[in-house]
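> Here's a structure for you.
The values are calculated or read from the model by the stated rules, or taken from the named source; none is laboratory data. What you see is a predicted model, and the numbers here were worked out from it, not measured in a lab. Methodologically, a virtual Cβ is constructed for each residue, glycine included, from the backbone with ideal geometry; neighbour enumeration extends over all protein chains shown.
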Amino acid sequence: MQFGCESQTDKNLNVKKINIAIDGFSSCGKSTMAKGLAKELGYTYIDTGAMYRAAALHAIRNGWMTKEGMDEEAIRENMGQLDISFEKDDKGDQNTYLNGKNVENEIRSLEVADGASRISTLPFVRTTLVSLQQKMAEKGGVVMDGRDIGTVVMPNAELKIFLTASPEVRANRRFKEMQDKGENPRFESVLQNVIERDQRDTTREVSPLRKAADAIELDNSYMNVQEQFDWALEQVKRVKS
Ligand code: DC
């Protein structure tokens, strides 16, 4: 796994590398913005949601997480055997690996999304993954997206962005993504999933989704991907100038 880069200068902006935190609700376009910025700047993209998803998949596979509940003790006892990493494929797309196996597709299901939202409420899961994320960001030059990046993981990030959009707009985006992958979800289930995750993410006791005091908020409900990218790049330039 290659995190951080050797050089301390940007690909396009010849100055010291910064860290960029992008937080927001589920299906808000965080990863699209983060990936776009990382590519443009030659930075490392870190998808922290994928890490919680991989932890959930591990628990589901082992029977520690079912629809009925979680076996917290078993999850805690087995945290040590959880090995999560990222690797780029031939096309340059980043894939999530769980204990050496590519799980990128599997972690994108609604079941795992729901599991990730539940397992991320466990303090010991957060502590483990947060310290891994902080290690990944040590050298700078990281664009990291999640829920607690600006508040907990990288409180000193030079640029913090907080994305919002209405639940209907976000469910619609997710719905289309799933259809593009050949899945056939019911829109109501996708919307319900978005609403339930919002509720859990914002009300959990440990590191709830919150906008950091020094984050810049963007409601992207009516913006296309290019408009969002242009806006984000302007923020990077502003911070670096
Ligand atoms: O961004 P995502 O949908 O892939 O995230 C999956 C779940 O993981 C989400 O419901 C909340 C949780 N999560 C978190 O608690 N903290 C993060 N930094 C990232 C994700």
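> How many residues are within 8 Å of the ligand (Cβ to nearest atom) and polar (S, T, N, Q) if we restrict to segment 28-65?
The total comes to 2.
> In segment 121-151, what residues are part of a loop (DSSP other than H, G, I, E, B), under 29 Å from Lys17 (Cα atoms) and more than 8 Å from the ligand (Cβ to nearest atom)?
Within segment 121-151, Glu138, Lys139, Gly140, Gly141 qualify.
> If you check Arg61 against the conditions, is it charged (D, E, K, R), at pLDDT 95 or above and closer than 18 Å to Ile107 by Cβ?
yes
> All but one of (1) part of a loop (DSSP other than H, G, I, E, B); (2) within 16 Å of the ligand (Cβ to nearest atom); (3) not acidic (Asp, Glu) hold for Arg118, so report the exception by its number.
For Arg118, the failing item is (1).
> Is it true that some residue in segment 175-188 is under 17 Å from the mean Cα position of the chain (by Cα) and of a type in the set (S, T, N, Q)?
no
> Out of Ser207, Ser189, Ser221, I need the residue that is among the small types (Gly, Ala, Ser) and part of a helix (DSSP H, G or I). Which one?
Testing whether each residue is among the small types (Gly, Ala, Ser) and part of a helix (DSSP H, G or I) leaves just Ser189.
> Going through segment 161-200 one residue at a time, which ones are of a type in the set (Val, Ile, Thr), out of contact with any strand residue (DSSP E or B) (no Cβ under 8 Å at 6 or more places or on another chain) and in contact (Cβ under 8 Å) with a residue 40 or more places away in the chain?
Result: Val169, Val190, Val194.
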